[in-house]
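**Q** Below you will find the structure I want to go over with you.
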Amino acid sequence: MGVRRPEDSTCVLTYTVETDPAPIQVSQGTTPATATLRITVTNHQQTPVPVEEVRFSYPVGSGSGDLTAKPDSGVPGLDDSKQWVFERDSETPAFVLRPRRPNRPFPPKDQVEVSITGIEVNPAVGTSKLTITETLQGGSEPQQEEWPLAKVPAGFTVSDFRPAYILVQSGSSTELTWRGTSRPGATYTMLHDGEPVDVTSIRNWPTPNLHRDSVFVLTVEVDVDGNVAEYALTTAVTVARPDLTIGDLTVHGKTTLTHLPAEFDLGEADELTYTAETDGLLTGQLVTEEDAPGDDAPTLTVTISAAGTDRLTSVQARHAPPDPEDPRFPGSRLTAVVPRGARVRIGRSGTAPSRHLLSWLPFGTGELKPVNS
């Protein structure tokens, strides 16, 4: 994860924001750098939502908090033009999404994806923002949420934050690795259950001994002349037989918490949707059969929809192992915690040849059941 979801949002709909590149790089020299914003809008409510419009805007200017100095740059894109209209506002530097039929409500569990491509990024390093303003029919007050957009120096990259092992025994540790540019003013910090750790000078970090499932956040700050770009990546490690911290627990009779994992793949499909009949873990492995930079790189994405929110986990394979069939090179890996009743959408993209394997480990009796099967 690079763009962090706002915690204080009052919007009714759920928004997911991704940038390309991630993080955004500023322009340098005579060739402008461009960026793309991709936003997924989902109705996780149980009833239709009467949307009047959703407005997407970002600061325009030459400062560190501005995204672009070219208000006319940026091309709107939409994946469902039959039901929606997405266009530039003719009066303000913003883009507006509205139903094609004004009285058509947004159905439950439905979603629409919009994009703004070709945004010419200004040369100033810093942190800009995307403001989403949601207006519903009926005269209610518009609701807003703001997403930070890091703008790092040209050529600065940070990626591939992952554990050596996604599943460890209780009391064991693992090693976290990542790739990141070193330059003056760049600071890397590891956030976890303990005190923050400065990891600026290294690209691998041994975790403490773990006794429960743990999330790690790698934050990156790039300071150029007092202007700071802030970016973050997250990863997680699952602990087998973790320590249990509870209030009261009463068990009558025999209880089985875990069963044998079920392995599967997507076959010829690019995306499939499942429903979890019990709590469990979903793991995935992805191996590319040839080096694949950029958009060609195979990507495996898992989106967990539960309790009105989406949680997205994805992994990308850019570098082929010396021997793709050698089991010592399991490729890129992901893990997702799946609650009972959640809707699980698994997708893959990328043009380079690849292979993948998924594994469902239930914490009880229940399948990861294909929808409409």
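**Q** For segment 30-77, name all the residues that are touching a residue at least 60 places away in the same chain (Cβ under 8 Å) and over 29 Å from R100 (Cβ atoms).
**A** P32, A33, P59, G61, S62, G63, S64, G65, D66
**Q** Further question on the same structure: Where in segment 1-82 are there strands (runs of 3 or more DSSP E), lying wholly inside it, with at least 1 residues that are of a type in the set (V, I, T) and crowded, with 17+ Cβ neighbours inside 10 Å?
**A** 14-20, 34-42, 51-57
**Q** Looking only at segment 328-358, how many residues end up being surrounded by fewer than 17 Cβ atoms within 10 Å (Cβ to Cβ) and either hydroxyl-bearing (S, T, Y) or over 20 Å from the mean Cα position of the chain (by Cα) (or both)?
**A** Residues flagged as surrounded by fewer than 17 Cβ atoms within 10 Å (Cβ to Cβ) and either hydroxyl-bearing (S, T, Y) or over 20 Å from the mean Cα position of the chain (by Cα) (or both) within segment 328-358 amount to 10.
**Q** Name every residue in segment 230-246 that is over 26 Å from T189 (Cβ atoms) and part of a strand (DSSP E or B), in order of residue number.
**A** Scanning segment 230-246 gives a single hit, A240.
**Q** If you don't mind, there's one more thing I want to ask. Any residue that is at pLDDT 90 or above and touching a His at 6+ places or on another chain (Cβ under 8 Å) - is there at least one of those in segment 287-297?
**A** No, that holds for no residue.
**Q** I'd like to check something: does segment 213-220 contain any residue that is surrounded by 18 or more Cβ atoms within 10 Å (Cβ to Cβ) and without any contact (Cβ under 8 Å) to a residue 24 or more places away in the chain?
**A** Checked against the condition, which is being surrounded by 18 or more Cβ atoms within 10 Å (Cβ to Cβ) and without any contact (Cβ under 8 Å) to a residue 24 or more places away in the chain, segment 213-220 yields no hits at all.
**Q** Can you name the number of the only condition in (1) over 22 Å from the mean Cα position of the chain (by Cα); (2) part of a strand (DSSP E or B) that N122 fails?
**A** For N122, the exception is condition (2).
**Q** Somewhere in segment 210-220, is a residue modelled with pLDDT of 90 or more, outside any strand (DSSP E or B) and out of contact with any strand residue (DSSP E or B) (no Cβ under 8 Å at 6 or more places or on another chain)?
**A** There is no residue in segment 210-220 that is modelled with pLDDT of 90 or more, outside any strand (DSSP E or B) and out of contact with any strand residue (DSSP E or B) (no Cβ under 8 Å at 6 or more places or on another chain).
**Q** For the condition on the phi < 0 side of the Ramachandran plot and surrounded by 15 or more Cβ atoms within 10 Å (Cβ to Cβ), what is the one hit in P184, P196, P153?
**A** P153
**Q** Criterion first (in a strand (DSSP E or B), within 23 Å of T47 (Cβ to Cβ) and touching an Asp or Glu at 6+ places or on another chain (Cβ under 9 Å)) does T135 satisfy it?
**A** Yes, satisfied.
**Q** Next up: Check whether at least one residue in segment 181-203 is modelled with pLDDT under 95 and either in the same structural domain as T131 (by TED's automatic domain parsing) or among the hydroxyl-bearing types (S, T, Y) (or both), and report yes or no.
**A** No, that holds for no residue.
**Q** Could you look through segment 298-321, keep only residues that are closer than 20 Å to T351 by Cα and part of a loop (DSSP other than H, G, I, E, B), and pick out the one that is modelled with the highest pLDDT?
**A** P298
**Q** Suppose the filter is within 30 Å of V12 (Cα to Cα), at pLDDT 95 or above and surrounded by 15 or more Cβ atoms within 10 Å (Cβ to Cβ); does T135 pass it?
**A** Yes; evaluated as a whole, the condition is true for this residue.
**Q** Just to be sure, is P102 more than 25 Å from the chain's Cα centre (by Cα), in a loop (DSSP other than H, G, I, E, B), surrounded by fewer than 17 Cβ atoms within 10 Å (Cβ to Cβ) and modelled with pLDDT of 95 or more?
**A** Criteria not met by P102.
**Q** Condition test on E113, is it closer than 26 Å to R343 by Cα and more than 19 Å from the chain's Cα centre (by Cα)?
**A** When the stated conditions are applied, E113 does not pass them.
**Q** Here's a follow-up. From V54, V112, grab the single residue that is within 25 Å of A306 (Cβ to Cβ), aliphatic (A, V, I, L, M) and touching a Leu at 6+ places or on another chain (Cβ under 6 Å).
**A** After applying the criteria, what remains is V54.
**Q** Being closer than 15 Å to F216 by Cβ and in a loop (DSSP other than H, G, I, E, B) is the filter; apply it to segment 138-192 and report the residue that is farthest from the chain's Cα centre (by Cα).
**A** Among them, the one singled out is S173.
The values are calculated or read from the model by the stated rules, or taken from the named source; none is laboratory data. Computed from a predicted structure; not experimentally measured. Ideal geometry is used to build each Cβ from the backbone, glycine not excepted, and the neighbour counts take in all protein chains shown.
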